[in-house]
């Protein structure tokens, strides 16, 4: 992987980074790239640009209120940013259902001001006053381990976070969160708590858009990938092979896997890079099951697994899905849970994604690399078109509809 990250750079003026969402979700502009042709429309009309009888795949993760603002007794502010659960459980959905005394890996703002001692804050929840405390367990590390407690103890951690925390807007949105962000920085599909950043391609969808998709017999299936803070980490090494991907947890319902298996040559319309990475990770787990002949495996996909080792990805998608469905049946599972570090770069062969709906991404980012893998060097022409035609960029910005080469079946 000797690509240079400097080959995936473009000049993004700060004024083109959208700081607020539009008044209506589906009024964002839509750049359309298909078979070398570039055009534009409004997202509200996207159904008319999609083939009938397709399968729309979305990420139903929900952004948690991960920013916790405390003050020391001296008045000094301390921000605690929740990243991943550690104790008593590490599985994200279970972690949110926990009672008091939980431990999470967290980023600490003003870390030097809080090396030890208890931070205390109060909030209201369902008419009750909540005492919420944080204690730093590993004082010399950042991210560090933080123990949270609260009383009354019958509330779950998810409920306390929702009441006390703030929604974590991306660092390039240079303002404090507003009440509107609690709604607009969540997608219409958001049901599963766990992300610290929104899967932003889904932010444009409205009930009207879904109704229009339904008229074209486009069905919807869901996956869950909880977006971590590492999504904003730029590639700082010159060679892509030196970049280290962060792990992200995913869950895929058996019914979605069956829909993929029975979909045959139906067009797969994938909403967002997070959904792409989840689906492609699914394929590679099936490959691992086949190559290890059913031996117990951790459901974990490494950063470079698709690019090395044996077998080299020649196993058909349908065979991979069969192996996964058999694995779920044999283990009495209704969902496949796991983690992925998969990094998709130019040269990758997509197994599921035929059509990609996504936002515009930061220069020198792993998300832009995925787009470049999907449409090749045409990403430069598409992004230049967007810059020349007043498109808005990044999380609260406009959208893209990219047609790629047919995925492998």
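Taken together, the values in this text are just the output of simple stated rules run on the coordinates, not laboratory data. Quick caveat, the model's predicted, so the values are computed rather than measured. Here the Cβ is made from the backbone with ideal geometry for all residues, glycine too, and neighbour counts use every protein chain on show.
Sorting 379, 284 on the 10 Å Cβ count, fewest up front, what's the list?
Ranking 379, 284 by Cβ neighbours within 10 Å, fewest first, gives 284, 379.
I'd like the distance separating the alpha-carbon centroids of the range 213-268 and the range 337-409, in whole Å.
Comparing the Cα centres of the range 213-268 and the range 337-409, I get a distance of 12 Å.
What percent of all Cα-Cα pairs in the chain falls into each 20 Å bin, going from 0 up to the bin containing the maximum distance?
26, 57, 17, 0
Can you give the Rg to Rh ratio of the range 1-138, both from alpha-carbon atoms, with Rh computed by the Kirkwood formula?
Across the range 1-138, the Cα-based Rg/Rh ratio is 1.10.
Viscosity 0.890 mPa s, temperature 25 °C: give me the Stokes-Einstein translational D for the range 67-164 in µm²/s, with Rh taken as the Kirkwood radius over C-alpha pairs.
Answer from the Stokes-Einstein relation: 182 µm²/s.
With contacts defined as alpha carbon pairs under 8 Å and 6 or more residues apart, what's the relative contact order of the chain in percent?
So the answer I get is 23 percent.
How high is the relative contact order of the range 67-164? Use alpha-carbon pairs under 8 Å, at least six apart in sequence, and give a whole percent.
27 percent
What fraction of the Cα pairs in the range 1-61, stated in percent, has a spacing above 20 angstrom?
For the range 1-61, the fraction of Cα-Cα distances above 20 Å is 56 percent.
Normalised by the number of residues in the range 80-134, what is the relative contact order in percent for Cα pairs under 8 Å and 6+ residues apart?
So the answer I get is 29 percent.
Given the DSSP H assignment, sum -39500 (n - 2.57) over each helix run of at least 4 residues in the chain and divide by its residue total; what's the result at 222 nm in deg cm²/dmol, nearest 500?
It lands at -6500 deg cm²/dmol.
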